[in-house]
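The values are calculated or read from the model by the stated rules, or taken from the named source; none is laboratory data. Fair warning: this is a prediction, and the values are worked out from it, not measured in the lab. Using ideal geometry, Cβ is built from the backbone for each residue, glycine included, and neighbour counts are taken over all protein chains shown. When the accessible area is computed, the model is the full protein with side chains, heavy atoms only, and any ligands, DNA or RNA have been set aside. Shrake-Rupley method; radii C 1.70, N 1.55, O 1.52, S 1.80 Å.
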Amino acid sequence: MNVPKELRYTKEHEWVRVRGQEAEVGITDYAQGELGDVIFVELPAVGTRVSHMKPLGTIDAVKTVSDLFAPVSGEIVAVNTELKENPALVNQSPYERGWMVRIKMAALAETESLLSADGYEKVLGAIA
Amino acid sequence: MSFVGRSDAERRAMLECIGAKSIEELWGAIPADLMVRGALPVDPPLAEYEIARRFAEWGERNADANRYACFLGAGIYDHFIPAALRSLTARSEFATAYTPYQPEVSQGTLQAIFEYQSMICELTGMEVANASLYDGATACVEAAHLAAGATGRRIVLVSGGVHPHFREVLRTYASAGSFRVQEIPAERGATSAAAARKLLTPEVAALLWSQPSFEGIVEDGAALTDAAQGAGALSVAAADPVALALLKPPGHEGADIVVGEGQSMGVPMGYGGPLVGFFATRKSQIRRLPGRLAGATVDLDARRGYVLTLQTREQHIRRERATSNICTNQGLMALANAIHLALLGAGGMREVATQCLEKAHYLARRVSALPGVTLPHGDAPFFREFVIRLPGAASDFVRAAQAKRILAGVPLARFDRSRPRDLLVAVTEKRTREEMDGYVETLAEWSRGRAGSPLEEAACRS
Amino acid sequence: MPELTLRDLSVQGHRGPRLAPLDIPAEGVERLLPRERVRTEGPALPEISEPQVVRHFVNLSVLNHHIDRAIYPLGSCTMKYNPKLNDEVAQLQGLAAAHPLQPEELSQGAMAVIWELHGWLRAIMGMPAITTHPAAGAQCELTAILMARAYHGERGNPREEVIVPDSAHGTNPSTVNQVGYRVVTVPSGADGCVDIAALRRAVSEKTAALMLTNPNTLGIFERDVGEIARIAHGVGALLYLDGANLNAMVGLASPGAMEFDFAHINLHKTFSTPHGGGGPGGGVLCVREALEPFLPAPVLERAGDLYRWNHDRPRSVGRVHSYYGNFGILVRALCYLKSLGASGLAEVSREAILNANYLKARLRDAYEPSHPGYCMHEFVLSASRQKSRGVRALDLGKRLLDFGMHAPTTYFPLIVEEALMIEPTETETKASLDAFADALLAIDRETVEDPALVRNAPTRTPVRRLDEARAARNPAVTWRDLEAG
Ligand SMILES: Cc1ncc(COP(=O)(O)O)c(C=O)c1O
C-alpha cells in the first residue's frame, strides 16, 4: 500500500497536499483499490465554498458510490478537469494525476487535525 | 395443488438434517398472536380446466377487439400483433428470467434490451433510451424529475394536448413537492406555441407536449421546442411510436427528452396493462437517466457482450440519491416492442402508420359529411385519431353503436364535462372499409332526426 | 460466436409479416399531412424476414438462465415456478383484447377478475382496503408514502422524516426521497432485527412513517413487530410493510394482526407471475380503513351485480397508472390463487421456510451464516471466510454459473460483509436443493485448493466475465454507438 510520507490524510481516505494557502485533495491508493474501477467523479465548480468534513463531491465506481469529504474548509480554486475524460487516473495515479480539487483554505489551523502518513497507516492497520 | 414436490420421507430427512423436531419449530419466532388461525377464508383449490372455464366466462363478459369493431384509442390502440411475437415472448427463457444481474447467463435479455434501446433511438431521433418504465404516464413523471434536476427549476409546463391521465399522474407525483405542474389549455386540441411562450418563465424546467396530441392533432414540434429552449427549459415530447414512423421525430427537431407509451408496438390492449413506457434523451443527460440501461462491452476473451451499465444511478446503489426509485420495470413488454419493430421493420412500420393515417382520414371525411356531425378541430392535421362533434350525447351514440358490435369511440365528457357531444375516434390499420362503412351507417341512423334537436343530459362517464 | 445484432442481419428489401392492402382509395401522405411535419429520413429499423427474426430471438433466448431450467435462488426475489395455466388464461381474447376505456357495462368480466383478486389478497393480508394500480413494489412504496403525506397533511402537518432500517432495500430510501421526506436510518441490532432502543430515539413528532421489511432482508422475523408498531403509532407515525418477503407469511402470519397501516405485495414474487427478464410486475397496496380515502383513483366498487370505477374520490392522492395497473399480471395472480386454494396457500410458506432452513443447515459449516438459528424463507451467508482465501462473494456466485445454477443475491443486505443472500422458494425439490448445496460445498473446497479457478469463473457460460468499467466509462448503448466504435 502506497502512503506517501509528505502528505496528510483523513480517516475517510482522502489525502491532502498543503502548498502555502492551498490544499490539493484526492483519494488514497487504499481507497481507489477498495472502490475498484472509478467511472465518474462529480466535483463542485470553481468558486464553491466547502466546509470541513462536509461532502463536496461523489466518486462512482462500477457498483458503488462514495462521498468525497472536504478535509479543510475554504473555496474551490481548481478542479481536475482531466478526470471528466479519464476517471481511470484516480486508479492509475491516485496521488498525482488523479488529484481532484484544490481548496484555498479558510483556516490553516484545520490542517493540524489531519493525520500524518504514520497516523493514516495505523488507521489502515486497524481495518486489515 | 401447490407446485411443491415433497414426500413425507423427504420432509422428515430435511428436518433431521436441520435438527428440528417439527416443521412448526422453524417459525417459532413468530409470536402466537400474529399467527393465522386455521385455514385462510378463501375458496378450495380448483383443477386447471375448472379455472380455465371460470376465466373464459369472465372473458366473455367483456367486449374485445375481436368480437367488436374497435374505434377506441385515447392512448391504447388495437394494432396488428404478429403471431411470431407472441410465440417468442412466451418462451420461458425470456419470460421466466429475472433482471439480468448476472450478465454471463443473461446475454439474451441484455442484447434484446440493447436492440430495443437502439430502435427507440431510431424512432425518436435521440441518443440514449433506457430499458423501459412502467407506462407512458410515469415516463412523463421521470422526465419531469430529470428536467427539474438538470435545470434547477421547479415548474413543469404541461400542454393540455397531453393525455389527461398522464397529466393526472403528473399531478399525483407533484404532490411530493419536487416539481409543480402548470397547464397550458389546449387550443383546438393542440398546443399553442404563443400561449406556451407566455407561460415560459425562468422558473420553468420543462415544456411537456404530445406528438400527436391526445385528440390526434399533429403538433408543430419545432416551434414548441424552440419556445421551450428559448426560455432555458427542456423540451419534452410524449410521442406515439407508430406516428414516429411517419412524422418528424421530436429528436430531429431538437427535443431534449422523448417519452411515450409503447403499447402500440406489439403489446395487447389487455384492459390497459401491462403497458410499457419508453424514455429517450441525449447522451449529455445519461447520468440522470432513470431506470436500467444496457451497454455493450467485451469479455475476458475480447468477445462482445452486454451488461447493465451506469448502475450507480439506480436505487440499489445510490439509494436515497438515486435518479428514480424504479426497480422492476416492464422488460417483457420492451422485448415485445423490440420483436415487433424487428418483424415489421422500417417498411412495415411505415405502412402501419400510413394505413392508420389514410383510414382515419377516410372515416373522418365520411362521418363529417353526415348532417349534424362536425369536426370541431377543423382542418388541423391529424394522424390516427380525431374528434367528432355529434348532434346528441356522445355516450348515447356509443351505446347505440354497441348494439351493432361497434366500439365507437371515447366520449370526451369523461375528461371534460363541458364537452358532452364530442367523441374521440381512433382508426388503426386493422379496421376494414366494411367496418368503417358500418360505422358511418350506424352514425347516420342514430343522428337522423337529432340534428338541431336540443341536447339530452349526458352521463359523464361511460 | 456472439449473436449478431438485428442491424447486422438487416438486408435491404427483406420484409416480415405484411398487412392487408389498403382497402380504401389512397390520398397519399403528402396530401394528408403538411410536408414539414413528415419525417424526411425514415427510422433505420432493420429489414429482416420473419424466419430470421425468429431465429435471432430464439438464439438470444437460449443464452439466458431462467427458472424453467434450474434453481434461481436470488434472495429477496422469490424466483418460484410460474405455472403455465396463468399465461394461458391471460391470453384469452376477452381479457387480452379488451380496451381500458370501453364502456363499463362491457368490461364487467375484467372488473370481476380484479374484484375477486382483491378479495383473496385482503384475506391473505388480513387488511380491509386495497389497490392494484401500482405497477410494482417500488410504486406501491411511492403511493403509500404519498398517502402518508396526504394523511398527515390533513392533520395539519405533513411531517418531515421517514424511518428506514439499514437492512432495507434501495427502493425504500429512494422512495422516501422522491416524496420529499428525509431518510432516517435505524441500525439493526446484533440479532439482525431493528434495534428497538435506537428506533425509540429516532422517532419523533417529525416522523411521518416507518418502513419495515418483515421478515427482514436477513430472513429474520422481526419478532418485536408489535413493539415497533406501538413505537411508531405512539408518535402518530404510520407503519409500512415492505412485503417483498411475504412468501414467508402466506397462510402463516397475518400482516393485519401486526398493526401495519400499509402493506405491499409484489405479485411477481409471492404470487408466481413471471419476472419477464426485469418486469412487468404487479404491485398491490393494502391499507387499513383510515387510509382508504387516500387510495389512488379510480377505486373499484360493486353495487349489486355491477362493478364500477369510482373516480369521485376527493381525498385520493390521485392516479398513479395510465389505466388500472398491470391487469394481465392480476389475471395471472388470481389464476395462481385459484390453483392453490386455501389448502395450497397453507403450504407455500411452510415449504419455503423448510427449504431455506434445509439449505442453511447443509451450508452452515462451510459458510458463515450472518445469524445463527432458524431462518424464515431466506437466509444470508457471509463469504468472509472465503475472502480470507482470496475469493469474494462475487466470485462464488460466478462459479455457481458454471454448475448451471444461478448465483444468490450478492452484497445485499449492505450490513453483512460479502453477503450471499439465498432464497430457494417452495418449488425447489430436495434433490434440487441438494445439488445446489453440493455445488456450493464443492466451490468452498475449490477456494482452498484452487482459488484462481473460482476467481476466473465462469468459463462454461456463453460469455466470460465482462468488462463493466469499460461499459460505464464509454457507454455504447445503441447500434450507432457500436458502429462509431
Ligand atoms: C425487499 C424489497 N423491497 C422492495 C422491492 C422493490 O419491488 P419492485 O421490484 O417490485 O419494484 C424489492 C424487489 O426487488 C425487494 O426485494
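Among B:Arg419, B:Arg399, which is outside any strand (DSSP E or B) and either open to solvent by less than 10 Å² (accessible area, probe 1.4 Å) or touching a helix residue (DSSP H, G or I) at 6+ places or on another chain (Cβ under 8 Å) (or both)? If you could, list the steps in order and put the result at the bottom.
Numbers: B:Arg399 fails: either open to solvent by less than 10 Å² (accessible area, probe 1.4 Å) or touching a helix residue (DSSP H, G or I) at 6+ places or on another chain (Cβ under 8 Å) (or both).
Step by step, each of B:Arg419, B:Arg399 is checked, and only B:Arg419 is outside any strand (DSSP E or B) and either open to solvent by less than 10 Å² (accessible area, probe 1.4 Å) or touching a helix residue (DSSP H, G or I) at 6+ places or on another chain (Cβ under 8 Å) (or both).
Can C:Val380 be described as surrounded by 24 or more Cβ atoms within 10 Å (Cβ to Cβ) and in a loop (DSSP other than H, G, I, E, B)?
Numbers: surrounded by 24 or more Cβ atoms within 10 Å (Cβ to Cβ): yes; in a loop (DSSP other than H, G, I, E, B): no.
Taking the combined requirement at face value, the residue does not satisfy it.
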Open item on the list: Among the numbered criteria (1) within 26 Å of the chain's Cα centre (by Cα); (2) over 23 Å from C:Glu105 (Cα atoms); (3) at the interface with another protein chain (Cβ under 10 Å from one of its Cβ atoms), which one does B:Glu434 miss?
Closed with: (1)
TODO: Consider B:Ala338 carefully, then state whether it is open to solvent by less than 10 Å² (accessible area, probe 1.4 Å), within 16 Å of the ligand (Cβ to nearest atom), in contact (Cβ under 8 Å) with a residue 12 or more places away in the chain and of a type in the set (A, V, I, L, M, F, W, C).
DONE: no
TODO: Mind listing whichever residues of the range B:63-84 are at the interface with another protein chain (Cβ under 7 Å from one of its Cβ atoms), open to solvent by 20 Å² or more (accessible area, probe 1.4 Å) and either free of Cβ contacts under 8 Å to residues at least 40 places away in the same chain or closer than 14 Å to C:Leu95 by Cα (or both)?
DONE: B:Asn66
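Enumerate the helices (runs of 4 or more DSSP H) found wholly within the range C:393-468, keeping only those where 1 or more residues are out of contact with any helix residue (DSSP H, G or I) (no Cβ under 6 Å at 6 or more places or on another chain) and basic (Lys, Arg). Let's see the steps before the verdict.
Working: elements: C:393-402, C:430-449, C:451-455.
Per the criteria, C:393-402, C:430-449.
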Open item on the list: Among the residues of the range C:439-485, what is the count of those that are within 14 Å of chain A (Cβ to nearest Cβ) and aromatic (Phe, Trp, Tyr)?
Closed with: 0
- [ ] Identify the residue in the range C:8-43 that is at the interface with another protein chain (Cβ under 7 Å from one of its Cβ atoms) and touching a residue at least 24 places away in the same chain (Cβ under 8 Å) and, among all such residues, is surrounded by the fewest Cβ atoms within 10 Å (Cβ to Cβ).
- [x] C:Arg15
Open item on the list: For B:Leu246, only one of the following conditions fails: (1) touching a Gly at 6+ places or on another chain (Cβ under 8 Å); (2) within 12 Å of another protein chain (Cβ to nearest Cβ); (3) farther than 29 Å from B:Ser106 by Cα. What is its number?
Closed with: (1)
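Results for (1) among the charged types (D, E, K, R); (2) buried (at least 24 other Cβ atoms within 10 Å of the Cβ); (3) more than 14 Å from chain B (Cβ to nearest Cβ); (4) over 16 Å from C:His152 (Cα atoms), shown as yes or no for each residue.
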position	(1), (2), (3), (4)
C:Val203	no, no, yes, no
C:Leu218	no, yes, no, yes
C:Ala229	no, no, no, yes
C:Gly234	no, no, yes, no
C:Asn245	no, yes, no, yes
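Looking only at the range B:85-106, which residues are assigned to a helix (DSSP H, G or I), of a type in the set (Ser, Thr, Tyr) and at the interface with another protein chain (Cβ under 7 Å from one of its Cβ atoms)?
Kept after step one, since they are assigned to a helix (DSSP H, G or I), are these residues of the range B:85-106: B:85-89, B:92-95, B:103-105.
Okay, now just the ones that are also of a type in the set (Ser, Thr, Tyr), so B:87, B:89, B:92.
Hit for the range B:85-106 is B:Ser92, nothing else.
When you check C:Glu347 against the structure, is it more than 25 Å from B:Gly272 (Cα to Cα), more than 7 Å from chain B (Cβ to nearest Cβ) and out of contact with any strand residue (DSSP E or B) (no Cβ under 6 Å at 6 or more places or on another chain), yes or no? Step through it out loud before you land on a result.
Values: more than 25 Å from B:Gly272 (Cα to Cα): yes; more than 7 Å from chain B (Cβ to nearest Cβ): no; out of contact with any strand residue (DSSP E or B) (no Cβ under 6 Å at 6 or more places or on another chain): yes.
Spelling it out, it is not the case that C:Glu347 is more than 25 Å from B:Gly272 (Cα to Cα), more than 7 Å from chain B (Cβ to nearest Cβ) and out of contact with any strand residue (DSSP E or B) (no Cβ under 6 Å at 6 or more places or on another chain).
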Open item on the list: Being within 30 Å of C:Ser432 (Cβ to Cβ), touching a residue at least 24 places away in the same chain (Cβ under 8 Å), assigned to a helix (DSSP H, G or I) and under 22 Å from the mean Cα position of the chain (by Cα) is true for just one of C:Leu85, C:Leu60. Which residue is that?
Closed with: C:Leu85
Open item on the list: Residues that are in a helix (DSSP H, G or I) and open to solvent by less than 10 Å² (accessible area, probe 1.4 Å): does the range C:307-327 have at least one?
Closed with: yes
TODO: May I ask you to say which residue of C:His66, C:His56 is more than 16 Å from the ligand (Cβ to nearest atom), farther than 25 Å from B:Glu122 by Cβ and surrounded by 19 or more Cβ atoms within 10 Å (Cβ to Cβ)?
DONE: C:His66
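Being open to solvent by 20 Å² or more (accessible area, probe 1.4 Å), modelled with pLDDT of 95 or more and touching a Phe, Trp or Tyr at 6+ places or on another chain (Cβ under 9 Å) is the requirement here; does C:Glu368 meet it?
Details: open to solvent by 20 Å² or more (accessible area, probe 1.4 Å): yes; modelled with pLDDT of 95 or more: yes; touching a Phe, Trp or Tyr at 6+ places or on another chain (Cβ under 9 Å): no.
Against the criterion (open to solvent by 20 Å² or more (accessible area, probe 1.4 Å), modelled with pLDDT of 95 or more and touching a Phe, Trp or Tyr at 6+ places or on another chain (Cβ under 9 Å)), C:Glu368 does not qualify.
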